[in-house]
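Undergrad: Please find one structure pasted underneath; my questions will follow.
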Amino acid sequence: MGILAEQLKNQKEAQVPQGIVSITPSDTTKLAKPIRAFMVTAPGDVSLLMNDGSSGIYPGCVAGTQYMGKIIRINAAGTSATGIKGLL
């Protein structure tokens, strides 16, 4: 395999989640490691803290949909969705 083909393969693999964790929202405790996306099993809003320090709410998250970002905490305040899974 050529260098370019190898780089493209590695880039595609880097975009695919490599694991999944259950998340308990917290206003103080950061995740053990950043997640690259999250999903919910019951719809609602998700309040989060991003890796760059910015925060916000993803309104109206739908069950089974992946929401991307480099996320370091899912906040309890402002989160109404449940069954949150983090994709590594």
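Undergrad: Let me confirm something: among 56, 78, 86, 44, which residue is touching a Phe, Trp or Tyr at 6+ places or on another chain (Cβ under 6 Å), among the small types (Gly, Ala, Ser) and at pLDDT 95 or above?
TA: 86
Undergrad: Taking the stretch 36-61 as the search range and keeping residues that are under 11 Å from residue 73 (Cα atoms) and of a type in the set (A, V, I, L, M), which one is surrounded by the fewest Cβ atoms within 10 Å (Cβ to Cβ)?
TA: 50
Undergrad: Out of the residues in the stretch 75-88 that are closer than 14 Å to residue 20 by Cβ and in a strand (DSSP E or B), state the one that is most open to solvent (accessible area, probe 1.4 Å).
TA: 85
Undergrad: If you don't mind, another one. Can you tell me which residue in the stretch 62-74 is farthest from residue 39 (Cα to Cα), limited to those that are at pLDDT below 95 and open to solvent by less than 70 Å² (accessible area, probe 1.4 Å)?
TA: The residue in question is 69.
Undergrad: Oh, and also: How many of the residues making up the stretch 56-88 are farther than 13 Å from residue 25 by Cβ and more than 9 Å from the chain's Cα centre (by Cα)?
TA: Number satisfying all stated conditions: 7.
The values are calculated or read from the model by the stated rules, or taken from the named source; none is laboratory data. Please read these numbers as outputs of a predicted model, since none were measured by experiment. Note that we place each Cβ from the backbone using ideal geometry, even for glycine, and neighbour counts take in every protein chain shown. When the accessible area is computed, the model is the full protein with side chains, heavy atoms only, and any ligands, DNA or RNA have been set aside. Shrake-Rupley method; radii C 1.70, N 1.55, O 1.52, S 1.80 Å.
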